[in-house]
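A short worksheet on the structure shown next.
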Amino acid sequence: MDTINTIIAELQQMNTLALVGFGLLFLAVWFLPSVLAAIFNRQHLGKIALLNIPAGMSWIAWFALLAWAVTGKLSHKLAAKAKLAPESKVES
């Protein structure tokens with residue numbers, strides 16, 4: 001409990017610009033899996049973004065989401081451009 005009180009006391013002593021900067025940095029780290037999923041054009045970007053909100057409260061879930069964002073499947077549009085999409089088999 002003393003740690004939380006210390007953090008609150010430090011935040012109260014910060015000036016407005018530093019507080020806004022801290023808030024932006026905090027949000028950037030919190031939503032890092034969503035940002036990486038958007039950059040890597042992942043197929044499940046919507047699910048990753050939705051799950052990112054509660055996952056930030058748990059480091060294990062946040063790291064799992066980060067791994068999913070980096071290693072997930074490409075979206076169909078990008079996969080087709082890169083010709084990585086599985087080609088349909090021609091029935092004979």
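Taking residues in region 16-28 that are over 19 Å from residue 56 (Cα atoms), and partners anywhere that are at pLDDT below 90 and part of a helix (DSSP H, G or I), the pairs with Cβ atoms closer than 9 Å and at least 6 places apart or on different chains are 19/11.
Taking the criterion of being open to solvent by less than 60 Å² (accessible area, probe 1.4 Å) and of a type in the set (A, V, I, L, M), the residues of region 39-49 that qualify are 48, 49. Taken over region 40-92, the criterion of being β-branched (Val, Ile, Thr) and either closer than 16 Å to residue 27 by Cα or at pLDDT 65 or above (or both) is satisfied by 48, 53, 60, 70, 71.
Looking across 25, 36, 17, one residue alone is open to solvent by 90 Å² or more (accessible area, probe 1.4 Å), in a helix (DSSP H, G or I) and under 22 Å from residue 70 (Cα atoms). It is 25.
The values are calculated or read from the model by the stated rules, or taken from the named source; none is laboratory data. In this text the structure is predicted, and so the values were computed from the model without any measurement. Ideal geometry is used to build each Cβ from the backbone, glycine not excepted, and the neighbour counts take in all protein chains shown. The accessibility values were calculated without ligands, DNA or RNA, using every heavy atom of the protein model including side chains. Shrake-Rupley method; radii C 1.70, N 1.55, O 1.52, S 1.80 Å.
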